Amino acid sequence: MRTTIFTFILCLTLSFVNAQESILGFTSESAIKQQELEATFESKLNASNLDEWMQLLAAEPHWVGTEYGEKNAKWIQKQFKSWGYDAKIETYHVLFPYPKIRLLELTGPTSYKAKLTAVPVEGDKYTAQGDALLPSYNAFSTDGDVEAELVFVNYGIPKDYEELDKLGIDVKGKIVIAKYQGSWRGIKPKLAAENGAIGCIIYSDPADDGYGRGDVYPKGAYKNKTGVQRGSVMDMPTYPGDVLTPGYGATKDAKRLDRKDAPTITKIPVLPISYEDAQPLLAALDGAVAPQSWRGGLPITYHIGPGPAKVHLKLEFDWQLRPAHNVIATMKGTEFPDQWVMRGNHHDAWVHGANDPVSGMVALMEEARAVGELAKKGNKPKRTLVYCAWDAEEPGLIGSTEWVEDHKKEIQQKVVAYINTDGNGRGFFGAGGSHSLQAMVGEVAGTVTDPQRGVSIKERRNAADMVNGGTGEFGLSALGSGSDYTPFIQHAGIASLNIGFGGENGGGEYHTIYDTYPHYKRFKDPEFAYGIALANTAGRITLRLANADVLPFEFQQWHTTVSGYLDEIMKETNKMRKDVEKHNTMVEKNMFELAADPKKPFLKPEKKDMVPYLDFTPLQNEMASLKTTIAGLSKIDVSQLSKTQRNALNSKLMLSEQALTSEQGLPRRSWYKHQIYAPGFYTGYGVKTLPSVREAVEQKDWKEAQEQIGVLTGTLKRFNAHIQKMSEVK
Ligand SMILES: [Zn+2]
């Protein structure tokens, strides 16, 4: 973008004048001031605050609607006020089911009643809280009472059902048991129901996060035999947030859907269980032996079934509206009060949530406290800062989604960017987000020191990337879903980031009763060194966005990345064509039958429809044109612009991400407006880039794929025109 050249010029000048480096979006004068400000900011960060606040926020279970959750929200509000913010609580009234009846039993050929309870750790006050701990369940499972033969479906993802098809096994009318992982959990009951199953059980296999990975809690960090992962199974790829108020805020008097009409509640009952409870069920299965890659870490032979194991699953929930308390803390900008830089982390947890979300929450608070100190000493931000502590993230990003839906118009006029954090650990810097922010985040990552290795977090991360077969170049991953950035980027079209540290803090405590302060202190980030690194990184990003002369968006890296996505889809389509040709030849020549064991069941595969040639040229041409327009914008020398011209440029830059959305949204899920990134319809959290075209190709809907190539080209044309207008600001 304009600042690339600008930065280059600055680098040249500054290298002779001053050791300081240039910063994207800052003139040389303000870059020096900003670097001093960031150094002072860093010097004010204090790890003992994070430790102290985690003990307080994670002392009791605090899921949405609990007294302790409300107490936490009020306490967070009080802290923000004491640091000089205007802090308020905005409450929404959201549907949140609480488990009333949870029954799972093996009724044949042997019997077993699932315990559905994790055992407390001896001498540990957190896990000994008995009834105060939220029983393990999947929120937004429908009520149900079903009994049927059991089928093991591996992770319960699309390719597992393809494998079952090949083996001639149908799950219609059955209850499926799937392993956690491999996809976002909500995909498992969704696909099971689409394939005709009447119930779904999800369990944590010890190979994935139990003794197959390391010592189990309390000896080690991994999941013991009784641990159960809670979690939402709401159909978030359709829309997240309150299930009864899609697209608008769940205010007290909002019009609500009837619960039976809510499309994002599961169609079949679903329950998560431990591997202690799963083992007798799996051991009672017979039929085909599971393929090698499906087998887990239990000391049994994994069979698929169906049956003879028969299970009875009965679930009933207390469906009530509960208050979700978002804390919104604002510090008004001195020069541009109507341009907001937003920063958020959720405060609700499934149980105590020391790691998820409190480790991220306390880093956000320490950052906000230090920023408040700077402001008190006269260093107020030029743009308005809005710090948010979201409620009800765990059941389905509900607090943030309702807030965004409720304030959508104002958000789209005022928000420059949203920076999200969530649980934080030890290790490598991870960052996903809008690629127009990639250059800026890369610069910031070069200024933050890794607490263990003493190099920059960027250098350490790039080293790990290269060692693991990557390019070793810094980049942002694309955002799908899984935390509170979703409503901002996917629905409102706000440039967003999601950042954190991890990779060296493995464990099995996620969403269990063991995600507590003692677990965190022993296995995650004992000294809160990475909590400080997170506060430092997110704080610098926030302060740069708040004080930049010209907002630090950069589009050349954006273009390289998005062109890469288009190439992937074109290559994938060609590969699919070759695969179908090969498959059909093998069918014609009877090869599948010849390769199969005649003593095992065999279903002869059918020939597949040929993959047609799609016309990608409209997209290719638009991307080529964009490259030229972006190059034009990059030629602007910002130091030559007047203040009025800079302001004019800023007012367009902050709307650039919105130019990548389309009002009609994605096919069959109009809540998702962004045309570059979306969570996959069948992957859940996992991202699909250029989703309307990519998913149509993956679903082999060639007509829709060609149509969506046209729609996406239209969006890119509008984006191109927007960039063109910016480059005319001279
Ligand atoms: Zn979280």
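In percent, rounded to a whole number, the relative contact order of the stretch 9-160 is 12, using alpha-carbon pairs under 8 Å and six or more apart.
Helix 28-43 versus the longest principal axis of the chain: what is the Cα-based angle in degrees, 0 to 90, to the nearest 10? So the helix axis and the longest Cα principal axis differ by about 50 degrees. For D215, the solvent-accessible surface computed with a 1.4 Å probe is close to 80 Å², ligands and nucleic acids excluded. When nucleic acids and ligands are ignored and a 1.4 Å probe is applied, K700 ends up with an accessible area of around 110 Å².
What FRET efficiency comes out for the pair V455/F602, r = Cβ-Cβ distance, R0 = 45 Å, nearest 0.05? The formula returns an efficiency of 0.20 here. Sorting M361, M466 on solvent-accessible area from highest to lowest, probe radius 1.4 Å, gives M466, M361.
Heavy-atom accessible area with a 1.4 Å probe sorts D258, D131, D205, largest first, into D131, D258, D205.
Distance distribution P(r), the chain, all Cα-Cα pairs, bin width 20 angstrom from 0: 17, 49, 30, 4, 0 percent. Here the Karplus curve 6.51 cos²θ - 1.76 cosθ + 1.60, taken at θ = phi - 60°, turns the phi angles of the stretch 143-157 into couplings of 5, x, 9, 10, 9, 6, 5, 9, 10, 8, 10, 6, 8, x, 9 Hz, with x standing for Gly and Pro.
Ordered by solvent-accessible area of protein heavy atoms (1.4 Å probe), largest first, the residues L603, L313 come out as L603, L313. For helix 67-82, report the angle its Cα long axis makes with the longest principal axis of the Cα atoms of the chain; keep it between 0 and 90° and round to the nearest 10°. Approximately 10 degrees, to the nearest 10. Each Lys and Arg adds +1 at its Cβ and each Asp and Glu adds -1 at its Cβ; summed about the Cα centre, the chain shows a dipole of about 940 debye. Under conditions of 25 °C and 0.890 mPa s, the stretch 333-484 yields 143 µm² s⁻¹ as its translational diffusion coefficient, taking Rh as the Kirkwood radius over Cα pairs in the Stokes-Einstein equation.
Relative to the longest principal axis of the Cα atoms of the chain, the long axis of helix 556-588 makes an angle of roughly 20 degrees. For the chain, DSSP calls about 60 percent of its internal beta bridges antiparallel. Remark: spin-label model distance T107-E572 equals 4.2 nm, labels positioned 7 Å along the Cα→Cβ axis. One decimal place: the segment A128-T644 gains 179.5 nm when fully extended, by the rule 0.36 nm per residue minus the C-alpha distance. Normalised by the number of residues in the stretch 535-661, the mean separation of alpha-carbon contacts (under 8 Å, six or more apart) gives a relative contact order of 36 percent. Computed over the chain, the per-residue total of -39500 (n - 2.57) for DSSP H runs of n ≥ 4 gives a 222 nm mean residue ellipticity of -11500 deg cm²/dmol, rounded to 500. Farthest toward the positive end of the dipole of the chain, out of S496, N462, I202, is the Cα of S496, where the dipole comes from beta carbon charges about the Cα centre.
Relative contact order for the stretch 205-328 using alpha-carbon pairs under 8 Å, separation at least 6, rounded to a whole percent?
23 percent
Percent of Cα-Cα pairs more than 23 Å apart in the stretch 602-688, please. The share of Cα pairs beyond 23 Å in the stretch 602-688 comes to 55 percent. Taking label positions 7 Å along the Cα-Cβ direction at both Q181 and M591, the computed distance is 3.3 nm, reported to one decimal.
With R₀ fixed at 35 Å, the C-beta to C-beta distance from A624 to S30 puts the FRET efficiency at about 0.50. Counted over all Cα-Cα pairs of the stretch 396-470, pairs farther apart than 19 Å make up 53 percent. Our coupling estimate for the stretch 131-142, obtained by passing each phi through the Karplus curve with A = 6.51, B = -1.76, C = 1.60 and θ = phi - 60°, is 5, 6, 7, 5, x, 6, 6, 10, 5, 6, 5, 6 Hz, Gly and Pro reported as x. Mean projected area of the convex hull spanned by the Cα atoms of the stretch 363-422, taken over all viewing directions: 4.8 nm².
The lysine pair tally for the stretch 25-154, using Cα distances under 22 Å and a gap of 8 or more places or different chains, is 11.
Rule-of-thumb check for the stretch 32-118: C-alpha Rg over 2.2 N^0.38 Å? The reported ratio for this selection is 1.87. Per the Cα gyration tensor, the stretch 529-624 maps to an equivalent ellipsoid with semi-axes of 51, 24, 7 Å, ordered largest to smallest.
The values are calculated or read from the model by the stated rules, or taken from the named source; none is laboratory data. In this text the structure is predicted, and so the values were computed from the model without any measurement. Here Cβ is always computed from backbone atoms with ideal geometry, including for glycine, and neighbour counts include all displayed protein chains. Just the protein is used for accessible areas: all its heavy atoms, side chains included, with ligands, DNA and RNA removed. Shrake-Rupley method; radii C 1.70, N 1.55, O 1.52, S 1.80 Å.
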